[in-house]
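Q: For reference, the structure I am asking about is given below.
The values are calculated or read from the model by the stated rules, or taken from the named source; none is laboratory data. Because the structure is a prediction, the values reported are computed rather than measured. When we count neighbours, we look across all protein chains shown, and the Cβ atoms used for this are built from the backbone with ideal geometry, even at glycine. For the accessible areas, the whole protein counts, side chains as well, though only heavy atoms, and no ligand, DNA or RNA atoms are used. Shrake-Rupley method; radii C 1.70, N 1.55, O 1.52, S 1.80 Å.
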Amino acid sequence: MPHAWKAGPQTELLMRQLAAMEDGGLVVIAAPENPYRCPPAPYERACMIAHYLQTHGKARSKILILDAKDKFTKQPLFEQGWHRFYPGMIEWIPGSKGGAVTEVDPKAMTVRAKAGEFKAAVANIVPPQSAGRIAIDGGLANSDGWCEVDAWTMQSLVHEGVHVVGDACVPGAMPKSGFAANSQAKNCAAAVVALLRGETPTEPIFMNACYSTLAPDYAISINGSYRVSAGVIVEVMGSGAPSPLDAPDSVREAEYDYARGWYRTVTNEMFG
């Protein structure tokens, strides 16, 4: 029952399991409570798996998302896409209807929640998350497992001179996304330079954009901008806009291209 939340052996295992699954099998995805890395990922993954099953002779199979939450990011857009591309194939059970997973049995391949016990052909169990071991062992994390930081400089509130960006930090209203981490890192670098010069860091402006691909040439997005207010990162009023619902296919195709372009840009920025 791999989490497959980190590329490598886990994602390869999940792929092998899907390839070996017979038509008509049940794929169970367990989505954790917030916060966790990449909020839309379980729902985008459901689309990717559904598309794979459709195109590999396994269209009678089902995907069940057992969720600890009662709502998720870009939900109306995802549900519209599920209905259009994968009708009757993807089912979502929220926490209020018993979706939170309480027990798993890898040997029997059963997943239990208040909504019932489900026999899975493939189970993708995404557990609750925290900052990495280095942050916890270094005493940077709070009792919830995340690192609290100064919103202007991303400096740890526990250890002076240590700065934490990305998934590991407590980022206020910002999601734990790759775009957000990149934005935080740039602002943090500018703050570190100012501090080394004995200057006061300038007020940071943070950005986020998150693309999700639901089918080939069909993607959705949400974006936002953020500032610091009373020592906390907050969303700028009116900036957190998702893609329009019922947009024409030309908009979805454009966002698919934007998603690929963003990926090329951000990886080039980081790795050259």
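Q: Restricting the search to the stretch 91-104, which residues are over 19 Å from the mean Cα position of the chain (by Cα), more than 15 Å from LEU26 (Cβ to Cβ) and in contact (Cβ under 8 Å) with a residue 60 or more places away in the chain?
A: Matches in the stretch 91-104: none.
Q: So which residues in the stretch 162-173 are in contact (Cβ under 8 Å) with a residue 60 or more places away in the chain and within 17 Å of SER225 (Cα to Cα), if there are any at all?
A: Residues of the stretch 162-173 in contact (Cβ under 8 Å) with a residue 60 or more places away in the chain: 167, 171-173.
Passing the criteria: PRO171, GLY172, ALA173.
Q: Which pairs turn up if I take residues in the stretch 139-161 that are among the charged types (D, E, K, R) and look for partners that are part of a strand (DSSP E or B) and exposed (fewer than 14 other Cβ atoms within 10 Å of the Cβ) with beta carbon separation below 8 Å, at least 6 apart in sequence or on another chain?
A: Listed pairs, sorted by first residue: none to list.
Q: Please report, ordered by residue number, the strands (runs of 3 or more DSSP E) entirely within the stretch 22-115 with at least 2 residues that are over 23 Å from GLY178 (Cα atoms) and open to solvent by 30 Å² or more (accessible area, probe 1.4 Å). Steps first, please.
A: On the way: elements: 26-31, 62-67, 90-93, 101-105, 110-113.
Output list reads 90-93, 101-105.
Q: Mind checking which pairs have a first residue in the stretch 4-32 that is polar (S, T, N, Q) and a second that is surrounded by fewer than 18 Cβ atoms within 10 Å (Cβ to Cβ) and at pLDDT 95 or above, Cβ under 8 Å, 6 or more apart or different chains?
A: Close Cβ pairs (under 8 Å, with a partner that is surrounded by fewer than 18 Cβ atoms within 10 Å (Cβ to Cβ) and at pLDDT 95 or above) amount to GLN10/HIS3.
Q: Starting from the stretch 105-123, take each residue that is within 22 Å of GLU22 (Cα to Cα) and list its partners that are in a strand (DSSP E or B) and basic (Lys, Arg), counting only C-beta distances under 8 angstrom and pairs at least six apart or across chains.
A: ASP105/ARG112; ALA108/LYS119; MET109/LYS119; THR110/LYS119; PHE118/ARG112
Q: From LYS6, LYS69, grab the single residue that is modelled with pLDDT under 95, at negative phi and under 19 Å from the mean Cα position of the chain (by Cα).
A: Result: LYS6 is the single residue among LYS6, LYS69 that is modelled with pLDDT under 95, at negative phi and under 19 Å from the mean Cα position of the chain (by Cα).
Q: Does the stretch 116-135 include one or more residues that are more than 30 Å from GLN155 (Cα to Cα), among the hydrophobic types (A, V, I, L, M, F, W, C), part of a strand (DSSP E or B) and more than 22 Å from the chain's Cα centre (by Cα)? Step through it out loud before you land on a result.
A: Initial filter on the stretch 116-135 (more than 30 Å from GLN155 (Cα to Cα)): 116-125.
Checking which are among the hydrophobic types (A, V, I, L, M, F, W, C) leaves us with 118, 120-123, 125.
Remaining after also requiring part of a strand (DSSP E or B): 118, 122-123, 125.
From what's left, more than 22 Å from the chain's Cα centre (by Cα): 118.
Yes: the stretch 116-135 contains one or more residues that are more than 30 Å from GLN155 (Cα to Cα), among the hydrophobic types (A, V, I, L, M, F, W, C), part of a strand (DSSP E or B) and more than 22 Å from the chain's Cα centre (by Cα).
Q: So GLY261 clears everything in (1) small (Gly, Ala, Ser); (2) part of a loop (DSSP other than H, G, I, E, B); (3) surrounded by 11 or more Cβ atoms within 10 Å (Cβ to Cβ) except one condition, right? Which one?
A: Single failed check for GLY261: (2).
Q: A further question follows. Pairs only if they're at least six apart or on different chains, beta carbon under 8 angstrom, first in the stretch 248-272 and at negative phi and of a type in the set (Val, Ile, Thr), second surrounded by 11 or more Cβ atoms within 10 Å (Cβ to Cβ) and part of a helix (DSSP H, G or I); list them, first residue then second.
A: Cβ pairs passing all conditions: VAL266/GLY178; VAL266/PHE179; VAL266/ASN182.
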